[in-house]
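This report concerns only the one structure given below.
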Amino acid sequence: MNRNRLRLGVYALSGCGGCQAVLLDGEGLLLELAGRFDIVHFAAIGPCAPDERVDLALVEGSVSTPAHVERLSRIRAASACLVAIGACAVSGGLQSLRGLARDGSRWPLDLYPHPEWLDLLDRPVPLARYVKVDAVLHGCPIDRRALIRVLCDRLAGVAPRPERRPVCMECKQLGVPCLLVARGEPCLGPVTRAGCGALCPRGGRGCYACFGPADLVNVAGLGARLASLGLGQEEVARRFRFVAGDVDAFRTAGAVGPAAHGPETP
Amino acid sequence: MMGQAATGGQAPRQLRIPLLSRVAGCGALDLDVEGERITALQLRLGEPPRLFERLLEGYGHDQVVDAVARICGLCPVAYQLTAAQAFERLFGCEPPPWVRAMRRVLYCGEWLQSHALHIHLLAAPDFLGVADALGMAAGHLAALQRGLRLHALGVDLVRLFGGRAIHPVGVCVGGFHHAPAPGEVARMVGRLAAAIPEAEELVRWTAAFEFPVDEQPFTSVALGHPHEYAIGAGRIQSGDGLDVSIGQFEEQLATSQVPHSTALHTRLDSRPYLVGPIARLNLNFRELPPAVRVVLDTLPTPTPTHNMFHSVVARAVEVLLAVREAHRLLLDYESPAAPAVPAHPIAGTAIGATEAPRGLLWLRFEVDSRGVLRHARIVPPTSQNQGRCEEDLRASLERFGLGRSDAELARHAERVVRNYDPCIPCAAHFLRLRVTRRPHRSSQNSLT
């Protein structure tokens, strides 16, 4: 009876567990999921068969230990389609910033009396560093509607359509007044990938880029604008290097300070 | 499934059994058994550390509030509110009554969501004899749906203040970024009122479960407050007479690392202790609102209790408390003049402590004059419960009977661990029980 149903696995590497909790984050979602997929592995709620073949693997968390590398390659080998869910899996997450810190390799020594009992990679990295990833869901945490869309796409057998626009576009669509322009509030919406529904600007605060960089954005320009609001160089850098983790587009933001030609008018 | 003798005769036996699903965390349990005695027991919390205490260094206090949420996807609000409180205390910024009340509502939302999840998806299947929550759908669909409704209510309470349930974006140092509109609040009040009878049914439903006889001595530690069931403020108190301000707590603690766990162990007076729903209920049940107390007093299970299997009831009682408190505090809701008061950083040590769903959460931040974090210490509930959980496993398994099969031992051990609702910040997958058995000299036991 279940022969034609797609087999689903939910796996976690290193992270906070919040992205897989999004699967439980609504009255009907879990039961709906169980009605449409065979849930083969989802240890947090029970089903535990880590090496079974699945049609769709949702993987959260960053790759942080040699054991993770090995587990991830087993998950990849057993899954037809592997989706990286959330900032940790997509871009390494907050913990990947250790890789940018000059003394990052010392951190375990500073915090643990016996660091030799730990077995960590040099730095936490995204899944794609080790395996082919078929689709990604951005966000810290992922957005529930985007998750449902990916599941539906898979059920329908179509490829997911990635979101490429910045949060700014969502604000405009929703008619949210621009915090950066109207209130001089540091907001990373101009460079951050849309998908949250402009959650922070709607709630009266600047976006802090938890969905990571959008495509084709002017990070240096925004960095200069933030500096013109009175943020120091280091502070600008910290705004970009945040929960999305160690991503290329944000790595050097703020590091060189305000652009030589001064702030641009918005 | 069942263990097999690797070799015959006197040789030690190594048995591997998949152990714990239905916990949030990556761990395992190693057990050395000699006849009728456990000679070694190690609860292995093997989550790779993300080194948050160093990651936070250099971030401003406003960013720290958002960053600490990422420590735990199951109790982000606890981290945000504890951090905000710590900075406010240091900066001498007193949040007005509206902020304090709404933060209690927000915290109730997180308790509700976290507890409803644990009761129905993680704990109840053991009591009902089904494999998991999906197995409940067959014979216990109404109870499962009631649980998921209560969970969704908690999710929506957090959303009301923070836009989303996981890593919500509403809290700032000094208050909230925005206040919910009265219309939204009115709709929520209606849902909360309708949920009160459901939460009462839930309490009675859990109290009617069949519980193993497993009373043990232990010390409960929780925040205590003279006028209310403590959630976001109070003194740190224990069943052994400890009564200190949150600033004095660190002096009482001894922290150590063990080779088998990446979570640091903490001890009080060099002994393990318990934090979480049972610890809170044992110490603070007198402060429950009368309407909750009435329900509690008619239950077949005792309060206080020293049987950790009753933790499912304690969570249900706190679900009822959360629904009632949120309802009470939102009933006469009015929009505030401003959702936050300004906070002006000063250099110093910021300390915060609140009751996360899984127990006492304690934070210390040292910041410079701009409010930039220079040093952090985080003492999460699961780290504190680790030692107590090991102690419990040892006693509980010996009482259960070590002559039982590995499968039975594993099932029982899993249940004991689940009573603590461990959240090794990250959800995990491979929990294994490894039993090494050495035949006792005089034992006739076949050991399988």
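Observations
- Restricting attention to segment A:40-54, the residues that are open to solvent by 10 Å² or more (accessible area, probe 1.4 Å) and more than 7 Å from chain B (Cβ to nearest Cβ) add up to 5.
- Residues of segment A:68-122 satisfying the condition of being under 13 Å from the mean Cα position of the chain (by Cα) and part of a helix (DSSP H, G or I): A:87, A:88, A:89, A:90, A:91, A:94, A:95, A:96
- Qualifying residue in segment A:17-29 (condition: touching a Cys at 6+ places or on another chain (Cβ under 6 Å) and within 8 Å of another protein chain (Cβ to nearest Cβ)): yes
- Residue match in segment B:5-24 (condition: open to solvent by 30 Å² or more (accessible area, probe 1.4 Å), within 14 Å of chain A (Cβ to nearest Cβ) and modelled with pLDDT under 85): yes
- Strands (runs of 3 or more DSSP E) wholly inside segment B:160-262 that include at least 1 residues being in contact with a Ser or Thr (Cβ under 8 Å, 6 or more places away or on another chain) and loosely packed, with under 14 Cβ neighbours inside 10 Å: B:253-256
- Scan segment B:83-94 for residues that are within 25 Å of residue B:114 (Cα to Cα) and either within 14 Å of chain A (Cβ to nearest Cβ) or part of a loop (DSSP other than H, G, I, E, B) (or both) and the total you get is 1.
- Selection count where residues are among the basic types (Lys, Arg) and facing another protein chain (nearest Cβ under 8 Å), scope segment A:93-126: 1
- Unique residue being within 14 Å of another protein chain (Cβ to nearest Cβ), assigned to a helix (DSSP H, G or I) and surrounded by fewer than 24 Cβ atoms within 10 Å (Cβ to Cβ) when the list is B:117, B:148: B:148
- Screening segment A:68-92 for residues that are among the small types (Gly, Ala, Ser) and more than 27 Å from residue B:131 (Cβ to Cβ) and picking the one that is most open to solvent (accessible area, probe 1.4 Å) gives A:73.
- Flag for residue A:26 being in contact (Cβ under 8 Å) with a residue 40 or more places away in the chain and in a loop (DSSP other than H, G, I, E, B): yes
- Restricting A:216, A:199 to residues that are surrounded by 19 or more Cβ atoms within 10 Å (Cβ to Cβ), outside the structural domain of residue A:136 (by TED's automatic domain parsing) and of a type in the set (A, V, I, L, M) narrows the list to A:199.
- Checking residue A:60 against (1) of a type outside the set (Gly, Ala, Ser); (2) surrounded by fewer than 24 Cβ atoms within 10 Å (Cβ to Cβ); (3) within 11 Å of another protein chain (Cβ to nearest Cβ), the condition it does not meet: (2)
- Enumeration of residues in segment B:120-135 that are open to solvent by 10 Å² or more (accessible area, probe 1.4 Å) and within 10 Å of another protein chain (Cβ to nearest Cβ): B:122, B:130, B:131, B:132, B:134, B:135
- Among the candidates A:148, A:142, the residue that is within 22 Å of the chain's Cα centre (by Cα), more than 23 Å from residue A:216 (Cα to Cα) and β-branched (Val, Ile, Thr) is uniquely A:148.
- Counted residues, segment B:44-78 - those being more than 13 Å from residue A:243 (Cβ to Cβ) and in a helix (DSSP H, G or I): 6
- Residues (among the hydrophobic types (A, V, I, L, M, F, W, C), within 15 Å of the chain's Cα centre (by Cα) and within 11 Å of another protein chain (Cβ to nearest Cβ)) located in segment A:188-208: A:196, A:207
- Residues that are within 16 Å of residue A:22 (Cβ to Cβ) and free of Cβ contacts under 8 Å to residues at least 12 places away in the same chain, drawn from segment A:147-165: A:149, A:152
- Residues of segment B:52-82 satisfying the condition of being among the aliphatic types (A, V, I, L, M) and closer than 27 Å to residue B:118 by Cβ: B:65, B:67, B:68, B:69, B:71, B:74, B:77, B:78, B:81
- Of all residues making up segment A:127-147, the number that are open to solvent by less than 20 Å² (accessible area, probe 1.4 Å), away from every other protein chain (no Cβ under 13 Å) and either under 15 Å from residue A:212 (Cα atoms) or not hydrophobic (A, V, I, L, M, F, W, C) (or both): 1
- Unmet criterion (only one of (1) without any contact (Cβ under 8 Å) to a residue 24 or more places away in the chain; (2) crowded, with 23+ Cβ neighbours inside 10 Å) for residue A:31: (2)
- Residues in segment B:298-321 that are surrounded by 24 or more Cβ atoms within 10 Å (Cβ to Cβ) and over 15 Å from the mean Cα position of the chain (by Cα): B:320, B:321.
- Among the numbered conditions (1) at pLDDT 95 or above; (2) touching a strand residue (DSSP E or B) at 6+ places or on another chain (Cβ under 8 Å); (3) within 13 Å of chain B (Cβ to nearest Cβ), the only one that residue A:235 does not meet is (1).
- For segment A:219-228, residues that are within 14 Å of another protein chain (Cβ to nearest Cβ) and open to solvent by 20 Å² or more (accessible area, probe 1.4 Å) total 0.
- Just so you know, in segment B:341-359 the residues that are assigned to a loop (DSSP other than H, G, I, E, B) and open to solvent by 10 Å² or more (accessible area, probe 1.4 Å) include one that is nearest to residue B:236 (Cα to Cα), and it is B:358.
- Scan of segment A:233-251 for residues that are touching a Gly at 6+ places or on another chain (Cβ under 9 Å) and without any contact (Cβ under 8 Å) to a residue 60 or more places away in the chain, ordered by number: A:233, A:234, A:235, A:236, A:237, A:238, A:239, A:240, A:249, A:250
- On inspection, residue B:178 passes the criterion of being within 14 Å of another protein chain (Cβ to nearest Cβ) and farther than 27 Å from residue B:125 by Cβ.
- Residue match in segment A:220-232 (condition: assigned to a loop (DSSP other than H, G, I, E, B) and under 24 Å from the mean Cα position of the chain (by Cα)): no
The values are calculated or read from the model by the stated rules, or taken from the named source; none is laboratory data. None of these values were measured; they are calculated from a predicted model. So basically every Cβ, Gly included, is an ideal-geometry build from the backbone, and we count neighbours across all protein chains shown. Surface accessibility is based on the protein's heavy atoms, side chains included, excluding ligands, DNA and RNA. Shrake-Rupley method; radii C 1.70, N 1.55, O 1.52, S 1.80 Å.
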